[in-house]
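Visitor: Questions regarding the structure given below will be posed in turn.
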Amino acid sequence: MVATVAVAAGCGKAGTTPGTTPAPGCDDVHAALVGELVREAALAPAPERARAEELAGAVADAVRAACAADAWSSEGRTCFIAGALTAGERCAGPLTPAQLEGMDRRVDEQVAEVAPATCAELPAVVRAALVDDLAALPDDQRATATAAVDGFADEVARRCEGDGWSTVARTCLRDATANRADAGRCVRWMDAAQRAAYQRAVEQAFGAPPAAAAPAPTPTP
């Protein structure tokens, strides 16, 4: 990856004083993430393993680039290395919201380059992600819920195709849905009209999100 190679020279160990342990650098962040992702990839079925390993390298390259470009602190790098796959939840202090978002954006873009999604594959991904939830429903609710999921899955493909979602948007949505992660974060890759249409599809299938609780009244003296 050209961008990653270009920044790699600045990703080594941070400066230290003699006699102290060197602070971890962005190369260490990269190595830690590659190690965890390759171990995960080894668990994939044989036909999928090569692609999983390719994605592991792409994701780690994107994170190393984010580490360098956004000047992660020593504390942020150390936190990430302690558990790379859960760093997004654990490192919200040492890494700023802007740094975490920058990392997510670079990863989304890199994955879309290596393993781009098509609109046509989204319905099957949506259905597969929700199949266990549907199976767990009472018999008298399952048919209605299945119809809602089927309608939503097909509408996602229509919106993707008809509204011209970018490769990054549809790839982000595919992977977040497949991993049962927060697909809502993928709207960052949609324009205002695309976001509104997608939100309408979500609400038509599953209902509007609950309203935020009103703030408690201020006590009067």
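The values are calculated or read from the model by the stated rules, or taken from the named source; none is laboratory data. This is a predicted model, so every value here is computed, not measured. Counting neighbours? That spans all protein chains shown, and the Cβs are built from the backbone with ideal geometry, glycine included.
Visitor: When you go through ALA147, ALA157, ALA201 one by one, which is the residue that is loosely packed, with under 15 Cβ neighbours inside 10 Å, modelled with pLDDT of 95 or more and assigned to a helix (DSSP H, G or I)?
Guide: On the way: ALA157 fails: loosely packed, with under 15 Cβ neighbours inside 10 Å; ALA201 fails: loosely packed, with under 15 Cβ neighbours inside 10 Å.
Within the list ALA147, ALA157, ALA201, the selection yields ALA147.
Visitor: Here is a further query. Filter the stretch 19-77 down to residues that are touching a Pro at 6+ places or on another chain (Cβ under 7 Å) and buried (at least 20 other Cβ atoms within 10 Å of the Cβ) and give me whichever is nearest to ALA98 (Cα to Cα).
Guide: For the stretch 19-77, the residue satisfying everything is GLY76.
Visitor: Give just the number: which of (1) free of Cβ contacts under 8 Å to residues at least 12 places away in the same chain; (2) in a helix (DSSP H, G or I); (3) among the small types (Gly, Ala, Ser) does ALA52 not satisfy?
Guide: Every listed condition holds for ALA52 apart from (1).
Visitor: Something else: Among the residues of the stretch 123-144, what is the count of those that are farther than 14 Å from VAL202 by Cβ and either β-branched (Val, Ile, Thr) or not in a helix (DSSP H, G or I) (or both)?
Guide: So the answer is 6.
Visitor: Same structure, new question: So which residues in the stretch 184-198 are in a helix (DSSP H, G or I), within 19 Å of GLU155 (Cβ to Cβ) and either outside the structural domain of ASP154 (by TED's automatic domain parsing) or of a type outside the set (A, V, I, L, M) (or both), if there are any at all? Step through it out loud before you land on a result.
Guide: Taking the stretch 184-198 and keeping what is in a helix (DSSP H, G or I), we get 184-189, 192-198.
So of that shortlist, the ones also within 19 Å of GLU155 (Cβ to Cβ) come out as 184, 186-187, 189, 192-198.
Correct list: GLY184, CYS186, TRP189, GLN194, ARG195, TYR198.
Visitor: Limited to the stretch 95-146, what total is found for residues that are in the same structural domain as GLY83 (by TED's automatic domain parsing) and more than 26 Å from CYS160 (Cα to Cα)?
Guide: Residues in the stretch 95-146 being in the same structural domain as GLY83 (by TED's automatic domain parsing) and more than 26 Å from CYS160 (Cα to Cα): 6 in total.
Visitor: Can you list residue pairs whose Cβ atoms sit under 6 Å apart, with the first residue in the stretch 162-183 being assigned by TED's automatic domain parsing to the domain that holds VAL131 and within 14 Å of ARG105 (Cα to Cα) and the second being of a type in the set (Gly, Ala, Ser) and outside any helix (DSSP H, G or I)? Count only pairs 6 or more apart in sequence or on different chains.
Guide: Matching pairs, first to second residue: ARG170/ALA117; THR171/ALA117.
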